[in-house]
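Reviewing the structure listed below.
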Amino acid sequence: MEAMPYTQSLLANGTAKGYHAKATPPTVTMPRLKAIVSGAIGGFLDVAFNFNTQALLDDNLLGQFSKIGRKMVMCGDETWLKLFPGLFMRHDGVSSFFVKDTVEVDKNVSRHLSYELSKNDWNLLILHYLGLDHVGHIGGRNSPLMAPKLMEMDEVVRMIHASAMMSPEDNKRTLLVVVSDHGMTENGNHGGSSYEETDSLLLFIGSKSHATDSASVISNDVNQVDIAATLALLFGVPIPKNSVGIMIPGMVDSLKDMQQLRALQLNSWQLLRLLQRQVPGFQCGSHPCDGFSGDNGYSGNGIMEKFCRLYLRAAALYDSWISTELSRSDSREDKSEIIAAYYEFLISANQWLSHKATDKPAKVIAFGVMSMILSCLIFSAVLYSIIQKKYFGEKRLSNGILTWHLDEGFSLSVIFILVISMGSSSMVEEEQYIWHYLISTLNMLLLRKTLQFFKKDSTCGLFTLFSGHERTSLRASSIFTLLITGRILRGWHQGGVNWTYLPDISKWLEQSGTDLQLIQLTSVLLTIILCLFSLSLLRRKTKIILVVGFNFFMSGLLVLHHIVKYRHNTSVPSSNAATSLAQIIYATLGITTVGTALAVPWVMPIQTSNVCSSDHAVSRPFKIGSQSQHPELRDCLYITGWVYIGSWCLLQLLLQQPVNTAVMLLILVQIYASFLFFSKGMQQQKQWVEVAVLYYIGMAGHFALGNSNSLATIDVAGAFLGVSNYSTLFSGILMFIITYASPTLLLLSMVMYISIKNLDIAASTQGADSGHVLKMTLGLPCLVSLTVNSILLIAYTIVLILMRNHLFVWSVFSPKYLYACATTVCILIGVFIVAATVTYAHMVLALRRNMIASINETR
């Protein structure tokens, strides 16, 4: 109201008509532009195409304008150029994804404005300003940059309207349409289905005043898809053939009586054709272009019969009105009745078509589901085979029956609880509550189990560093740490979709004026200290530890320097120096991580004797009680896994929002607490349960970072940190890294987990070949995650197919399925890294052992 005074004055005097144009999800630019120009309901696959826009092949307004020779000019978002290549006589496109730019991105549009307004060789001028969207992504709806940007847009409206009013060509009338493609949440993001995201602006501004009693109040609600049909009818071009929109009621008033009724008739024919396409065999009278055909109605039942009855009634009234020879200027009541009858049909048909799911080939869907089921069965069969061999080898059978504990049964029931919850839209929207409940309950069961074994715990084991009571105390302390940190993470971000307004820790920190930079610095310092301490516990191979630790420490100092110097005000666009420093950090972390994984197996000293007393030199709280047959591989994977965890945490502390840095620290604490608990478990704990617990911690941490099953919670701004020139690939990778920070961290931690658990299991078989060692080492850590995710993906695929006609299929179930697919990609990448790391280290060390053995034999 205050930032756009000129636009408000146009609404007040009736020169402009304003509407709330409801957008359908996904509320991102490309599918919204397609809806505006074609009037069609898009799908959620458009979210992926939003980053790699292809030419629009569907019938649309711009294509209709081009067919009749209209000349068009476009300045702004380059998405228009990708959707309509070669259609504009002049254009100047700018990238829409470089959200750090809030100034130049609009100046590149406005600098053409005076020139284009002075020209008279175009019929349609499109100006797509991006600065307002970028301001939201950087600082949210209440950003200090928001009011100045709105004033800038108000000045653009004033210039265009003033130019239209001063036009000397009275026979031409200019229409200015101001429209937003989507709204935004309080933190400036969009993509989901909340009211704030779907509520977009629509203004029709003319050159003459048509004052009404409610002209200054934007209270009319329309659908965004109505824009295409309305503009097509106003400009005399065919309505795009896939448009489900209707003529906006307020715009009908500007037409003459005959034009109004003719526009509604054309609009009705359009929707009737779509109904006939959706329901084969549906015939309502004769062909609509032949007019009303008397009593020839639709013989079917249900909703189609209702549509036919409404259409035939409107058509009959219109035919009667046309055939009347009386003066139509005196038959306002008759005209109003016809308009009301047409709109009754149009609104009903529009609502049905908008919620109608697009039909897909049944054979393709069946093939996809069967392929997923087959892969899941393969994962499950191999996993069961490994578990069966492991438990038979450990003699975990009692009287021929496999013994079960309560925590093991609950770990399996977690999968079934998640599958059942997928059928509820409310549980899909608030999935974070399920994960937090499940992981908290599982931790309580593990604590119960620990206390039960308190009296049974003994001090046996040659290399056990603690007595039985001390070991039980450590396990109990670890569980209490998991419970406390889990409760803090549970309250850090409140709600996924429906309960985001409730108070939580993050809101309290932001609203209380807490220095978030101090939280960032504290999180980074504690992360560095915790990681270096865990590395120092491996006291052998000091030279390797010094080199790796020094590289990590320098990377941590770079992250601290970036936070101190450049992260004090996130509302200010990044400088070139900040971008360069971020790029240096990326390179340092990347080289350190990859270099360590490749080099450590080659430089790790190899023991040439089977003297096991050297294990006493290893002082790790994660040391388990059996003698390892692979000390070099164990220490190599410990160092590599440590580098994976430390580098990933530093990267996230750089990329995440300041309020989320403490969350990453707490997740790191949970990882080390879990390792300590599992390393002291000995034979009490089945390993597949341990891997499942780590997987569940990763998913709970995913939601603790503020993620949800709505696209609006994706952090777009962080994906441009260190990006000087927009790159779809690089920014997309950063966005994926930020979103799946927690699940990926837990997957990468499996390398360290293997070093403290699985190598002793693999060593239990004397003289085993490399294939057996790798199978026993990698089997459970990799297959448990793959199997659990595969079951959840199959279940949700089936749910989505069953819910394809559900009211919330686009707003709830479709975005959840995108997240499910993205989670699958995350799991596959993480498992591949773990498997490749362990396999590479094992093969290099085996090669070096063979070389040493050959040298010794020649001597």
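The values are calculated or read from the model by the stated rules, or taken from the named source; none is laboratory data. Bear in mind that the values here come from a model prediction, so they are computed numbers and not experimental data. A quick note on method: Cβ atoms are made from the backbone with ideal geometry, for glycine too, and the neighbour counts reach across all protein chains shown. We work out accessible area using only protein heavy atoms, side chains counted, and drop any ligands, DNA or RNA first. Shrake-Rupley method; radii C 1.70, N 1.55, O 1.52, S 1.80 Å.
In this label model, V237 and R309 are separated by 3.9 nm, measuring between points 7 Å along each Cα→Cβ vector.
Between K363 and D92, what FRET efficiency comes out of the Förster formula 1/(1 + (r/R0)^6) with R0 = 56 Å and r the beta carbon distance, rounded to 0.05? It comes to 0.75.
Per-residue 3J(HN,Hα) values for region 409-416, derived from phi via the Karplus relation 6.51 cos²θ - 1.76 cosθ + 1.60 with θ = phi - 60°, read x, 5, 4, 6, 5, 4, 4, 5 Hz in sequence order (x marks Gly and Pro). Computed from backbone phi, the HN-Hα couplings of region 185-192 come to 7, 4, 8, x, 8, 7, x, x Hz, rounded to whole numbers (Karplus: 6.51 cos²θ - 1.76 cosθ + 1.60, θ = phi - 60°; Gly and Pro given as x). The stretch between T174 and H355 holds 61.7 nm of extra length on full extension. This uses 0.36 nm per residue minus the Cα-Cα distance. Each label point was placed 7 Å from the Cα along the Cα-to-Cβ direction; for Q607 and L537 their separation is 1.9 nm.
Across region 103-166, what fraction of all alpha-carbon pairs, as a whole percent, falls in each successive 10 Å bin from zero upward? With a bin width of 10 Å, the distribution comes to 19, 48, 24, 8, 0. Per-atom-type breakdown for region 630-756 gives carbon and sulfur 70% of the accessible area (1.4 Å probe, protein chains only). The alpha-carbon atoms of region 480-600 define a convex hull whose volume equals 157 cubic angstrom per residue. The slack between I801 and M444, meaning 0.36 nm per residue of separation minus the straight C-alpha distance, is 124.9 nm. Restricting the chymotrypsin sites (Phe, Trp or Tyr not before Pro) of region 231-285 to loop positions (DSSP other than H, G, I, E, B) with no more than 14 neighbouring Cβ atoms within 10 Å leaves nothing.
Placing dummy labels 7 Å off each Cα toward the beta-carbon, the span from K775 to I484 is 4.4 nm.
Measuring between alpha carbons in the structure, the pairs from K71/K119; K757/K816; K22/K100 lying more than 23 angstrom apart are K757/K816; K22/K100.
Multiplying each eigenvalue of the alpha-carbon gyration tensor of region 770-829 by 5 and taking the square root yields semi-axes of 33, 10, 6 Å, largest first, rounded to whole angstroms. Which of the three applies to region 85-127, rounded, prolate or oblate, going by the alpha-carbon gyration tensor with a ≥ b ≥ c and a/c under 1.5 meaning rounded? It comes out oblate by the Cα gyration axes. Here the extension length gained between N498 and A340 equals 53.3 nm, from 0.36 nm per residue of separation less the Cα-Cα distance.
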